[in-house]
Amino acid sequence: MIGLAFLLLALLLVIAIGCWNLKVCFTKGMASGYGRYTFSRTSQPVRFWISVGLVSVVVIFAGFIALFALAGIIGVVG
Amino acid sequence: MFDPVGVFAKQFTPVEGGYLYYPSKRGGGKLVTADEYEHLAEGWRKVAGRRGTWKIVGVVALAIFVWTVLSKSLSLPEWSDSIIIAACVTGISAWLLWASLAPRRLVRDRPAIAPPRPVSEVKRQSRALVNWRFISFALLFSGIAFLGTLNAPQRDLKSWCLLIGSGAMFGLYIWIAIQKYRDRQ
């Protein structure tokens, strides 16, 4: 049960990191793409942030799938 | 690698008149009718199936996008982003746990029709559900985190937490792997 709790915490951390990266992608993507917010010459092009955003979405998806499987196991262990 | 729908279904043992479900480690088995089982499985499939999972990811991505636009427009402080992300992850996890405990809520007031299982049997069953790929994933994940933090140049509270947490998880999963290997014999 302790092992599952550790894995649960680790998965929540993975999902949170994915969400944080997605937030960074939106912020930086908007800044470099539209220049609506502070435009930074050092920021990466929009396609870079789109790639990072897609990877983040896949990470969040994988995190949730693992979390669902873990919820099922926790249901059995009680 | 992970099969949420299959793992959910393994909680139920077919018996005469429906399925046997053990709501806790120490409690007896309770009867769930075939119709109720179908209803529970369908509910879980909607939440944890491929389509359900993508729906959740979409909602999370949309929520983060809306929040990003709002926080930039209103010039909100950066710490508010952390709070929103923590609230998002906690809220979804709480909803997920609520959904996974649906069978338990269903049989809460029902009498047990089978005696409680021996603790060793429950442990063996739970280890059987955690497949080798799952264990490999946990070992790889915690091993990388542990070795990565082991060589950290500076030790602050965060790196100590990571070191102890990942080390404990790594050790535990080595133990689980040994136990699972012994179950085979």
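Data overview
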item: Separation of the B:Val59 and B:Lys46 label points, Cα + 7 Å toward Cβ, nm; result: 1.2
item: Computed accessible area, A:Leu12, all protein chains, 1.4 angstrom probe, square angstrom; result: 40
item: Surface accessible to a 1.4 Å probe, B:Arg127 within the full protein complex, Å²; result: 40
item: Using distinct alpha-carbon pairs, which all enter the 1/r mean, Kirkwood radius of region B:37-134 in Å; result: 17.2
item: Prolate/oblate/rounded call for region B:78-144, Cα gyration tensor, a/c under 1.5 rounded; result: oblate
item: Rounded to 10°, Cα long-axis angle of helix B:119-129 versus longest principal axis of chain B; result: 60
item: B:Tyr181 accessible area, 1.4 Å probe, all protein chains in place, Å² to nearest 10; result: 110
item: Rounded to 10°, Cα long-axis angle of helix B:157-184 versus longest principal axis of chain B; result: 30
item: Most mobile listed residue (B:Ile135, B:Ile164, B:Ile174) in chain B, GNM with C-alpha springs under 10 Å; result: B:Ile164
item: Reachable lysines from B:Lys10, criterion Cα separation under 24 angstrom, eight or more residues apart if same chain; result: B:Lys25, B:Lys30, B:Lys46, B:Lys123, B:Lys180
item: B:Thr90, B:Thr33, reordered so the largest accessible area comes first (probe 1.4 Å); result: B:Thr90, B:Thr33
item: Cα gyration tensor shape of chain B, rounded if a/c is under 1.5, else prolate or oblate by comparing a/b with b/c; result: oblate
item: Size of the B/A contact, given as accessible area buried on both chains, probe 1.4 Å, in Å²; result: 4000
item: Heavy-atom SASA rank of B:Asp3, B:Asp183 (probe 1.4 Å, accessible area, largest first); result: B:Asp3, B:Asp183
item: Region B:103-180: C-alpha gyration tensor shape, a/c 1.5 cut-off, then a/b vs b/c; result: prolate
item: Alpha carbon centroid spacing (whole Å) that separates region B:16-47 from region B:54-109; result: 28
item: In region B:21-126, the GluC sites (Glu not before Pro) that fall in loop regions by DSSP, at most 14 other Cβ within 10 Å; result: B:Glu78
item: Gain upon complete extension [B:Arg182, B:Ser24; 0.36 nm per residue less C-alpha separation]; result: 54.4 nm
item: Cα-based helix-to-principal-axis angle, B:79-100 vs chain B, degrees rounded to 10; result: 10
item: Listed residues B:Arg133, B:Arg124 arranged by accessible area, highest first, probe 1.4 Å; result: B:Arg133, B:Arg124
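The values are calculated or read from the model by the stated rules, or taken from the named source; none is laboratory data. Quick caveat: nothing in here was measured; it's all calculated off a predicted structure. Backbone-built Cβ (ideal geometry, glycine too); neighbour counts: all protein chains shown. What goes into the accessible areas is simple: the full protein's heavy atoms, side chains included, and nothing from ligands, DNA or RNA. Shrake-Rupley method; radii C 1.70, N 1.55, O 1.52, S 1.80 Å.
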